[in-house]
Amino acid sequence: MTFRIAPSILSANFAKLGEEVANVIASGADWIHFDVMDNHYVPNLTIGPLVCEAIRPCTTAPIDVHLMVKPVDRIVPDFAKAGANIITFHPEASEHIDRTLGLIRDSGCQAGLVFNPATPLNWMDHVMDKLDMVLLMSVNPGFGGQSFIPGTLDKLREARAKIDAYTARTGRQILLEIDGGVKVDNIAEIARAGADTFVAGSAVFGAGKDSDPQRYNSVLGELRTALAGV
Ligand code: DX5
Ligand code: ZN
């Protein structure tokens, strides 16, 4: 199993965002997780396509755009043009889920659905062929720094079983990402429950002294060491 770590720049220093992106990838992160909030679908307001475009030259690592916006479709092509590699959205925020997945893929990006803690997994059942990733929220979306909801572990096992059955039938892979409250002390348990891709915001960007360009090396190393034991 290949594991990917995707630090969420929501917890980065926004005054030095380009540097933060470059430093966290140089410290061993795999992807950049990019949280888009609209103060409508979720009660917070963050960053949009302009910021995605601005950080795009700072790294060649995939940018994983997590849309917490409603409606979804209008903004998808803008993120594709801004250099997003993966675009995920919440099924409750789209009137036509299959169409939105198709729109993301037609824009040249990989597509995924995001499941809130109370959202049932069967939203994925009839669109598996259009999914490149499934993202389970282990907190309610809107803020960094919340605690991991333990019930997500059973839901991860359920999602893993659905994805494995689909892969066995078709040979096609779908990634399983987890987002919210991922830390050094719970990442191994989360991996054992079936996740292969891990968003970590406060755990990564909260680490180390601001003046040290290598400050993310040690926390990313600890996350990797925990994963190596799985
Ligand atoms: C929450 C966001 C998360 C958040 C994770 O709505 O989707 O990506 O930044 O932050 P931590 O890792 O601090 O829970
Ligand atoms: Zn996110």
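The values are calculated or read from the model by the stated rules, or taken from the named source; none is laboratory data. Keep in mind that this is a model prediction, so the values were computed, not measured. Glycine also receives a Cβ, built like all others from the backbone with ideal geometry; neighbour counts cover every protein chain displayed. The protein model used for the area step is the full one, side chains on, heavy atoms only, and it has no ligands, DNA or RNA in it. Shrake-Rupley method; radii C 1.70, N 1.55, O 1.52, S 1.80 Å.
Those residues that are open to solvent by less than 50 Å² (accessible area, probe 1.4 Å) and part of a helix (DSSP H, G or I), I need them from the range 1-24; list them, please.
Correct list: I9, L10, S11, L17, G18, E20, V21, A22, N23, V24.
Which residue pairs have Cβ atoms under 7 Å apart, sit 6 or more places apart or on different chains, and have a first residue in the range 163-178 that is farther than 14 Å from Q110 by Cβ and a second that is part of a strand (DSSP E or B) and not basic (K, R)?
From residues that are farther than 14 Å from Q110 by Cβ, the pairs are I163/V134; I163/L176; I178/L136; I178/F198; I178/V199.
Select, from V127, V219, V134, the only residue that is within 16 Å of ligand 2 (Cβ to nearest atom) and open to solvent by less than 20 Å² (accessible area, probe 1.4 Å).
Details: V127 fails: within 16 Å of ligand 2 (Cβ to nearest atom); V219 fails: within 16 Å of ligand 2 (Cβ to nearest atom).
Criteria check complete, one pass: V134.
Give me the pairs, please: first residue somewhere in the range 1-17 and closer than 14 Å to G206 by Cα, second residue anywhere and aromatic (F, W, Y), beta-carbon distance under 7 Å, and either six or more positions apart or on two chains.
What qualifies is P7/F205; I9/F34; S11/F205; A12/F205.
Being in a loop (DSSP other than H, G, I, E, B) and of a type in the set (G, A, S) is the filter here, so list the residues in the range 69-117 that pass it.
Looking only at the range 69-117, we keep the residues that are in a loop (DSSP other than H, G, I, E, B), and these are 69-72, 82-85, 90, 94-96, 107-109, 116-117.
If the condition is that a residue be in a loop (DSSP other than H, G, I, E, B) and of a type in the set (G, A, S), then A82, G83, A84, S94, S107, G108 are the ones that fit.
Residues being open to solvent by 10 Å² or more (accessible area, probe 1.4 Å) and under 15 Å from the mean Cα position of the chain (by Cα): count how many of those fall in the range 68-83. Full working, then the answer.
Initially, the range 68-83 is screened for residues open to solvent by 10 Å² or more (accessible area, probe 1.4 Å), giving 69-71, 73-75, 77-78, 80-81, 83.
Next, only the ones that are under 15 Å from the mean Cα position of the chain (by Cα) stay: 69.
Residues that pass the stated criteria total 1.
Would you point out which residue out of D30, D35, D64 is at pLDDT 95 or above, among the charged types (D, E, K, R), part of a loop (DSSP other than H, G, I, E, B) and in contact with a strand residue (DSSP E or B) (Cβ under 8 Å, 6 or more places away or on another chain)?
Numbers: D35 fails: part of a loop (DSSP other than H, G, I, E, B); D64 fails: part of a loop (DSSP other than H, G, I, E, B).
Among D30, D35, D64, only D30 is at pLDDT 95 or above, among the charged types (D, E, K, R), part of a loop (DSSP other than H, G, I, E, B) and in contact with a strand residue (DSSP E or B) (Cβ under 8 Å, 6 or more places away or on another chain).
Does the range 172-205 hold any residues that are touching a Gly at 6+ places or on another chain (Cβ under 8 Å), open to solvent by 20 Å² or more (accessible area, probe 1.4 Å) and within 15 Å of ligand 1 (Cβ to nearest atom), and which are they?
Matches in the range 172-205: S202 only.
Out of curiosity, is S147 without any contact (Cβ under 8 Å) to a residue 60 or more places away in the chain, open to solvent by less than 40 Å² (accessible area, probe 1.4 Å) and among the polar types (S, T, N, Q)? Quick ask: steps written out before the conclusion?
Numbers: without any contact (Cβ under 8 Å) to a residue 60 or more places away in the chain: yes; open to solvent by less than 40 Å² (accessible area, probe 1.4 Å): no; among the polar types (S, T, N, Q): yes.
It is false that S147 is without any contact (Cβ under 8 Å) to a residue 60 or more places away in the chain, open to solvent by less than 40 Å² (accessible area, probe 1.4 Å) and among the polar types (S, T, N, Q).
Among the numbered criteria (1) open to solvent by 10 Å² or more (accessible area, probe 1.4 Å); (2) within 17 Å of the chain's Cα centre (by Cα), which one does S27 miss?
(2)
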